[in-house]
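Heads up, the thing below is written out as structure tokens.
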Amino acid sequence: MNRDPKTMNKWILAIVVLSVGLNDVSSGAAATAIASMMKEFPNVSITSIQLLVTLPNLIVAIVAPLYGYLCTKFQPRKLIIFGIFMFVFFGTLPAFLNDFTAILICRALLGVGSGITITADVGLINAFYQGEQKDRYIGFNQAVGCFGGIATQTLGGYLTLIDWHYAFLAYLFPIWVLILAILYMPDVPKDIETETGDITKKKMFLFKITPKVYGLVSIYLLVVIFRCMLPTNLSIVIETTGIGTSANSGIALSLFTAGAFVGGMMFGLLKKYVGIYIIATAWLFTGIGFTFFCYSNTILTIYMSTFLSGLGMGTMIPGYFARVTEIANPAWVGVAIALISSMQGFGNFIQPIVARWLILIFNQEVGYFPVAAAAVFLIAGSIIQAIYTKSKCTVKVEIS
């Protein structure tokens, strides 16, 4: 098989590169089986059972930076194939297990695979594409990840109706990605040490990442935490207020993901027009969607607000991944991508803790309040970012 990126068919290359993003959603089908597993394991605490969903996110946060370092030492193609295999094999294995501890270990090992693929998909795009084409493909990657989430959640939900074991068979869905990677995944060119890279060779690993990257990564952690406030409180608002049923909650969550899919597809085009203000624009769209949600009292307005929120989120995530490839040391872009991927996993893991703190501090209840707090954070943040970006541009113009 032709695995030379310079001569292979451009459509095959695009499919191989983007397909890795299908493995981005590690909770997926497992989330649909939680209620059934609570009945199956009555002696296991609810918190422990919920670890089936949250534990992979924590493992992603640990593995992603490790992958970023390893890809500077080993051929990324081999690491990617290993990661996809871990995702498929250990994602599916619980379908044949009845021991809770063994299932939890499988979820952790699935997180290892997901930590590799989440980091690798943007790294592949950065290796093979440049300029506007790179921005467009980073957006497409977000859309592919949303599609993977919809596919595994939907398939897992239907399979759970038969037996909770079968929900894990949904993780067989990306097995074709493993086959594609083995047959067509090209070798990724090793990062060539630049003059900057040569200067930093004697420094510790973490000091090879610039302060600007660390700042971006820290902000992204906050973004991940607050972006989850709407999905995690969605069903609570709909069902406790009498606006709708669990079925309506499922539709609203699907619309949120669908909005993120559309946002990802539009990212390249939107960035072309708003340029460096892309992240501030995404924050604003998401914040408006969250605000609209807080004032919604009908299922139709709930649907509209969740789609709008997802639309903003679908442009925000690729915005950060695109930005980190622009500001990182060229010799350490893979590690920078890994760090921001790590924050994605860590933020998802600690979001319930932060939400609980907010509720206790302000003496509020779950439901609308965490979403309203996130809306204030996002809208205020978008304004601050826009002002900061404009000031930096003004300084550059004056200097030139």
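Each reported figure results from applying straightforward, stated rules to the coordinates on display, with no laboratory input. As the structure is a prediction and not an experimental result, all values here were calculated from the model. Virtual Cβ from ideal backbone geometry, glycine too; neighbours counted across all protein chains shown.
Descriptive notes on the structure:
- In this label model, Ile182 and Ser218 are separated by 4.5 nm, measuring between points 7 Å along each Cα→Cβ vector.
- Among Phe82, Gly145, Ala95 - extreme Cα towards positive end, dipole of the stretch 7-186, charges at beta-carbon: Phe82
- Cβ-based exposure ranking for Glu239, Glu326, in which fewest neighbours within 10 Å come first: Glu326, Glu239
- For the stretch 89-100, backbone phi angles converted through the Karplus equation (6.51, -1.76, 1.60; θ = phi - 60°) give residue-by-residue couplings of 5, 7, x, 8, 3, x, 4, 10, 10, 10, 9, 5 Hz, Gly and Pro being listed as x.
- Kirkwood-type hydrodynamic radius, the stretch 261-400: 16.7 Å, calculated from all non-identical alpha-carbon pairs.
- Inverse of mean 1/r across different Cα pairs in the stretch 7-186, Kirkwood, Å: 16.5 Å
- Cross-link pairs Lys78/Lys134; Lys6/Lys73; Lys134/Lys272; Lys272/Lys390 - those with Cα-Cα distance over 19 Å: Lys78/Lys134; Lys6/Lys73
- Here the 3J(HN,Hα) profile of the stretch 344-354, calculated from phi with Karplus coefficients 6.51, -1.76 and 1.60 at θ = phi - 60°, is 5, x, 5, x, 4, 6, 8, 3, x, 5, 5 Hz, Gly and Pro shown as x.
- Point-to-point label distance, Phe362-Ile105, nm (Cα→Cβ direction, 7 Å offset): 4.3 nm
- Cα→Cβ-extended label distance, 7 Å offset, between Ile162 and Ala247, nm: 2.3 nm
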